[in-house]
Number of protein chains: 2
Amino acid sequence: MARTAGSHSETTGPRVQEAALRLFARQGFAAVSMRQIAAEVGVQAGALYNYTPDKQSLLFDLMRGHMDALLAERAARGAGGDAVSRLEEFTRFHIRFHLARPDAVFVSYMELRNLSPENFAVIEGLRRSYEDELEGILRDGVAAGQFDVADTKIATLAVIAMLTGVTTWYREAGRLSVTEVETIYWDMVRKAVAA
Amino acid sequence: MARTAGSHSETTGPRVQEAALRLFARQGFAAVSMRQIAAEVGVQAGALYNYTPDKQSLLFDLMRGHMDALLAERAARGAGGDAVSRLEEFTRFHIRFHLARPDAVFVSYMELRNLSPENFAVIEGLRRSYEDELEGILRDGVAAGQFDVADTKIATLAVIAMLTGVTTWYREAGRLSVTEVETIYWDMVRKAVAA
DNA sequence: TGTTTAACTGAACATCCGTTCAGAAAAAAG
DNA sequence: CTTTTTTCTGAACGGATGTTCAGTTAAACA
């Protein structure tokens, strides 16, 4: 028996990606088998190879998709105003974006070492360009006398680490809304780099 | 042929732990095989079971050892002074301790999901008690009017995330000494929670 | 309608996995 | 020296792994 009723390429493809993302986030890339992903989709393992050349590409495509979405949404926001308002925009955007896709964030931060060297270089480059935007804001603020940080590169990484950490504890059912969380973190970021 | 010359329990035991820690940090728990660890030690896979009941215990023992060392060294420091000086001590200690054991930090933060539920609960409890100490400092500072944070629990997690993030970029061969890094982070932490 | 095409099955491939254990050999004890 | 004990080997266990592929079936097309 092959190809049971109601199966279509257009729905199976995305479902493979969704199942892989969810499983990779919960168990880790190396601990998830192709048969497990296939079972989640409701298909035999061999059928997955209609949608991905191999397991490694499945991971890479998820990560690149996440980074592309991050940079695309970021580029869509207007970057006007002075350094302080741009930093607030960046802070709120980062929290909102990351809290909306906890699985993709988890996979993108935890599975870097499971990428092949070439794939790793691609993801690393995308991440770098995101960090560079924040560092540019900090540098502008320092030049304008609005910020005071000893080292803009370190401050960039410190701020991003602090903001991304929100994904480890935030739960939708919790007592705080995303906007409230944004405001609490913005308060700390603003003071941390203030002149 | 068995038991080649120069093999001793006293040296093999620690060597198993060291090899496991290094490999888990570089490849991840699930991606490392017992045969790989054994090869690193220079022994056959079966011999590992003289030193650990199973692979899961190997991971758990590494994590518990790390957390025990963290709490023990923390307890050894005198916790005198006002909230500001205690926070500075905590900040500098956290950075120094974590930069000294990058592999253990990496494993302890990345492999939590590979612990059995019971083992996870143990590690989580230890981590919680470490976080509680920082939250206590923040609460005291708020009560004394020295700090101003909207939510001490969130501020605790934000500060720890920021500080632990240092392990992702710091390299011993880099341009900054550990003490310089401590000072840069302390400057940001101090301002972030300041009244 | 019949024919083509895309999607999927089910079995197979070689290889690796964690773990066990009888037996061998070196070190320690007497 | 001989005996005991500890440490390790080497083979084996059942099962899981990623990936391939000939064959089957449902959908799309003519």
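The values are calculated or read from the model by the stated rules, or taken from the named source; none is laboratory data. Here the structure is a predicted model, which is why all the values come from computation and not from measurement. Positions of Cβ are backbone-derived with ideal geometry, glycine not excepted, and every protein chain shown enters the neighbour counts. We work out accessible area using only protein heavy atoms, side chains counted, and drop any ligands, DNA or RNA first. Shrake-Rupley method; radii C 1.70, N 1.55, O 1.52, S 1.80 Å.
Relative contact order, whole percent, for segment B:1-120 stands at 31, derived from Cα pairs under 8 Å and 6 or more residues apart.
Dividing the summed helix terms, -39500 (n - 2.57) for each DSSP H run of n ≥ 4, by the number of residues in chain A produces a 222 nm estimate of -22500 deg cm²/dmol to the nearest 500. When the P(r) of chain B is calculated, the portion above 28 Å amounts to 37% of the C-alpha pairs.
Within a straight-line Cα-Cα reach of under 29 Å, A:Lys153 can be paired with the following lysines, leaving aside sequence neighbours fewer than 8 residues apart in one chain: A:Lys191, B:Lys153, B:Lys191. Taking every residue in B:177-189 and counting other chain Cβ atoms within 10 Å of its Cβ, the average works out to 3.
Solvent-accessible area lost on pairing A with B (1.4 Å probe, both sides summed) amounts to about 2600 Å². As a length-normalised measure over Cα pairs under 8 Å and 6 or more apart, the relative contact order of segment B:82-172 settles at 46 percent. Under 5 Å from the amide H of A:Ala194 lie the amide H atoms of A:Asp148, each residue being 5 or more positions distant or on a separate chain, with H modelled from the backbone and absent for Pro and chain starts.
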